[in-house]
Amino acid sequence: NLPERRPGDARLKVLAEVGLLRDLKQYRPAYDLLTEASLKFPNDPDLIYDQAMLAEKSGQLQEMENLLRRVIQLRPDSASAYNALGYSFADRNVKLVEARDLIRKALEFTPRDPYIRDSLGWVEFRLGNREEAAKIFAEAFKAKPDAEIAAHYGEVLWSLGQRDRAIAIWREGNLLNPENETLVETLKRLRVKL
């Protein structure tokens, strides 16, 4: 209900409300709010990117893809958009060659980003390049110990038969964030108890 005194105030109010809804895992209402906001701000790549991430969370994968492609069109140097689209493909095990190309494009803009390197490791794993994936994950996890990177790194190690090392990495990830969805799902799917 705050008055909008400056041109950017309406946008900030939308972002604040979307943030609250996202924190409450109310993905569909947050997505709907951003869809409505896109009528006022049709070419705002940041809002479109957020809308894409919420489309994914609410199961609208084609819409997510369309929105991310729009972000790339509006902002061709958006490492986040290239990475998000590539990772989404890799995670769903679809369009893997395009996924790798998108993620490599993201790395052109931010070559040392551990999260984008994590995405590259994941697509290499999906392509069957497990040894290469393990090297990429080792570098990414060393640069940024993170539960999601640990989930992926551990799964690659697990697939290579390095079970003790995988469990050690997962334990580190669990200490960092025991509620990380990717880590929790990975351990459940592989039936691993820490």
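The figures follow:
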item	result
Some residue of segment 176-189 being among the hydrophobic types (A, V, I, L, M, F, W, C), under 17 Å from Phe125 (Cα atoms), open to solvent by less than 20 Å² (accessible area, probe 1.4 Å) and within 18 Å of the chain's Cα centre (by Cα)	yes
Of all residues in segment 118-147 being charged (D, E, K, R) and in contact with a Pro (Cβ under 9 Å, 6 or more places away or on another chain), the one that is most open to solvent (accessible area, probe 1.4 Å)	Lys142
Enumerated helices (runs of 4 or more DSSP H) restricted to segment 1-103, each holding at least 3 residues that are modelled with pLDDT under 95	9-23, 27-40, 45-57
Candidates Leu47, Leu12 - the one that is of a type in the set (A, V, I, L, M) and open to solvent by 80 Å² or more (accessible area, probe 1.4 Å)	Leu12
Total residues in segment 81-96, condition without any contact (Cβ under 8 Å) to a residue 24 or more places away in the chain and either open to solvent by 40 Å² or more (accessible area, probe 1.4 Å) or more than 16 Å from Asp118 (Cβ to Cβ) (or both)	2
Tally, over segment 155-187, of residues that are under 25 Å from Lys25 (Cβ atoms) and part of a helix (DSSP H, G or I)	13
Failed criterion for Ala150 (all others in (1) surrounded by fewer than 19 Cβ atoms within 10 Å (Cβ to Cβ); (2) farther than 20 Å from Tyr49 by Cβ; (3) within 18 Å of the chain's Cα centre (by Cα) hold)	(1)
Pairs with Cβ under 6 Å, 6+ apart, first in segment 108-130 and more than 14 Å from Tyr87 (Cα to Cα), second at pLDDT 95 or above and open to solvent by 50 Å² or more (accessible area, probe 1.4 Å)	Phe109/Asp77
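The values are calculated or read from the model by the stated rules, or taken from the named source; none is laboratory data. What you see is a predicted model, and the numbers here were worked out from it, not measured in a lab. Neighbour counts run over all protein chains shown; Cβ positions are idealised from the backbone, glycine included. Heavy atoms of the whole protein, side chains included, go into the accessibility calculation; ligands, DNA and RNA do not. Shrake-Rupley method; radii C 1.70, N 1.55, O 1.52, S 1.80 Å.
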